[in-house]
Amino acid sequence: MDGQRIDKVVVRDRRLRWPVPKNLEGQVNGALIRHVDRRGKYLLIDCGAGWLILHLGMSGRLRVVPKTTPPSKHDHFDIILSSGMLVRFTDPRRFGALLWTTQHPSLHPLMRHLAPEPLEAAFDADWLHKRIRGRSMAIKLALMNNEIVTGVGNIYANEALFRARINPRTKAGRLSMERCGTLVAAIKETLQCAIEAGGSSLRDFFGTDGQPGYFQQQYMVYAREGKPCRICGTPVRSIRLGQRSTFYCTGCQH
DNA sequence: ATGCGGACCTGTTAGC
DNA sequence: TGCTAACAGGTCCGCA
């Protein structure tokens with residue numbers, strides 16, 4: 001999309017996580033895309049006069065298709081490019097978002113308090129230790145809190161805790177600086193491995209080339225309830241934390 | 001200030 | 001086979 005012009009944006013259903021702003025098309029139509037970026041799980045399209053903010057939620061997908069492709073049921077908006085292609089957003093659950101902002105995205109209320117990017121140096125043991133100091137919440141819930149760790153959802157929170165050998169119910173504030181270091185390294189390694197494998201395709205996710213990811217074949221605990229731990233053979237246990245499925249090995253994680 | 005549960009949606013699957 | 005309930009990759013908000 002970099003360097004292309006947006007002929008127009010067509011919104012067919014404004015009822016996403018937040019209503020798509022009524023004036024968005026007017027702001028965006030005819031804009032030149034300067035750059036496409038990302039912060040946490042928010043996708044940012046720099047249009048010069050402002051930014052489009054996109055989020056895929058849980059079931060959202062973006063695909064590049066020819067302009068003539070007829071939309072189907074859950075195709076809620078199109079970004080029509082001057083090239084003859086369009087970027088189509090599909091999202092059955094409508095947990096995704098399309099917003100417009102004229103302030104710098106880093107100052108936007110949704111991104112203002114996000115933790116540093118997990119693969120950057122600023123996300124380190126020190127940061128994690130400071131953010132969870134004195135907190136009684138389960139460490140897994142801390143990993144799911146994007147003011148503490150950004151870009152990690154349910155799958156990778158489970159996998160990173162296994163890699164760090166930390167029990168997901170451990171009280172966050174009780175982790176030593178050393179264990180914070182182990183956990184930070186585990187988060188970075190988990191994300192890097194997943195990226196290398198092309199991500200995790202359970203149902204909706206496909207890469208920009210249309211190919212599924214393969215990281216789900218490497219899960220150590222996620223969705224492996226009752227199956228033997230790949231390291232020690234103990235059956236993987238499943239519990240619920242914060243209404244999310246949580247998987248761990250009682251043999252390996254303490 | 002912290003932490004928990006509820007809310008937003010629809011599609012798929014497990015269980016009866 | 002058909003119906004129903006539970007659950008799914010996210011994250012904000014309000015209340016205790």
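All of the numbers you see were taken from the coordinates with simple rules; none came from a lab. Since we're looking at a predicted model, the values are computed, not measured. Neighbour counts are summed over all protein chains in view; Cβ atoms, including those assigned to glycine, are modelled from backbone coordinates with ideal geometry.
Numerical summary
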quantity	calculated
Relative compactness, the stretch A:141-230, computed as alpha-carbon Rg over 2.2 N^0.38 Å	1.13
Folded to 0 to 90 degrees: helix A:154-164 orientation relative to chain A principal axis, Cα	40
From the C-alpha gyration tensor of the stretch A:1-131, square roots of 5λ in Å	28, 17, 14
Net lengthening on full extension, A:K41/A:E117 (0.36 nm per residue, minus Cα-Cα)	26.3 nm
Virtual paramagnetic centre 7 Å along Cα→Cβ of A:R169, amide N under 15 Å, in the stretch A:216-254	A:237-254
Gain upon complete extension [A:T102, A:R61; 0.36 nm per residue less C-alpha separation]	12.3 nm
Helix axis angle, A:177-196 relative to chain A longest principal axis, alpha carbon, degrees	50
Calculated diffusion of the stretch A:106-191, Stokes-Einstein form, Kirkwood radius summed over Cα pairs, 37 °C and 0.692 mPa s, µm²/s	261
Mean separation of Cα contacts under 8 Å, 6 or more apart, over the residue count of chain A: relative contact order %	14
Nonlocal Lys pairs with alpha-carbon distance under 25 Å, chain A (8 or more apart, or different chains)	18
GluC sites (Glu not before Pro) lying in DSSP loop within the stretch A:123-218, provided at most 13 other Cβ fall within 10 Å	A:E147
Cα-based Kirkwood hydrodynamic radius, chain A, one decimal, Å	19.8
Most mobile of A:A172, A:A49, A:A138 in a GNM of chain A (Cα contacts under 10 Å)	A:A49
Candidates per trypsin sites (Lys or Arg not before Pro) in the stretch A:200-254, loop by DSSP, up to 12 other Cβ within 10 Å	A:R203
Loop-located trypsin sites (Lys or Arg not before Pro) in the stretch A:43-76 whose Cβ has at most 10 other Cβ within 10 Å (DSSP)	A:K73
